[in-house]
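Report on one structure; see the data block that follows.
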Amino acid sequence: IGYNTFYYCEAIEEISFPDNVTWFADSQCYNCRNLKKVKLPANLKSLGQFTFNGCKLLTEIDIPSGVTEIGYGAFKYSGIQKLHIPDGVSILPPEMCMECRSLTELRLPANLQQMQRQTLYNCTSLSKIIQADGTEQTNELTIPEGVTTVGELAVLGGLFTKIHLPSTLSKIDYSGLA
């Protein structure tokens, strides 16, 4: 599906995509402020940049298990509350959930290698992390083995009382876990 398909379509409340769609270009539902419900296609592999940026009423979304790529700022400024990232995703992109102040729960993928710049920047309600094996942590962040890089301001806001770092970690950028 091409770029900006529903860009600033503020009247839309619900969208259901056909299962044969495999790729979303950038800004699919950018600032669809009244969007409450989205059914993503079962065969989706990639979410483009800023796909649901500014969708304040979108509180949950089921990302298909075949998704391997999530674009820059995909959920930025959205109302998303729970986000479960599929295991095929290895990079949490810059600003993925930046300023998602309603986000309370995040499931990390099994193959996670990088948390890039401002991935969870100012997600002030985030308190529950679910590891790929199903282990739930409250006010605690265990960055999984396999992660090599944590980007600048990746997790900001002093959200966690305990942080566990993996032996595979080789780089934490400026204020990566501030």
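The values are calculated or read from the model by the stated rules, or taken from the named source; none is laboratory data. Owing to the predicted nature of the structure, the values given are computational and were not obtained by experimental measurement. Quick reminder, even Gly has a Cβ in these numbers, built from the backbone with ideal geometry, and neighbours come from all protein chains shown. Protein only, heavy atoms only, side chains kept; ligands, DNA and RNA dropped before computing areas. Shrake-Rupley method; radii C 1.70, N 1.55, O 1.52, S 1.80 Å.
Points worth noting:
- Residue 139 paired with residue 172, simple spin-label distance in nm, labels 7 Å along Cα-to-beta-carbon: 2.0 nm
- Peptide ranges 49-57, 159-167, 111-119 listed from the most packed, as the mean C-beta count within 10 angstrom indicates: 49-57, 111-119, 159-167
- Spacing of the two label points (7 Å from each Cα toward its C-beta) at residue 69 and residue 10, in nm: 3.3 nm
- Peptide packing for 133-140, 149-156 was compared via the average number of neighbouring C-beta atoms within 10 Å per residue; ordered from the highest value, the list is 149-156, 133-140.
- Contact order relative to length of the chain, as percent, for alpha carbon pairs under 8 angstrom and 6 or more apart: 13 percent
- Solvent-accessible surface of the chain, taken per residue with a 1.4 Å probe and all protein chains present: 45 Å².
- Fully extending the segment from residue 39 to residue 163, taken as 0.36 nm per residue of separation minus the present Cα-Cα distance, adds 41.2 nm.
- Listed residues 102, 9, 23: farthest to the positive end of the dipole of segment 1-103 (Cβ charges): 102
- Dipole moment magnitude, nearest 20 debye, segment 72-178 about Cα centre, only Lys, Arg, Asp, Glu C-beta charged: 180 debye
- For segment 1-121, a crude dipole built from +1 on the beta carbon of Lys and Arg and -1 on the beta carbon of Asp and Glu, taken about the Cα centre, is about 200 debye to the nearest 20.
- Spin-label model distance (nm) - residue 87 vs residue 62, 7 Å beyond Cα toward Cβ: 1.9 nm
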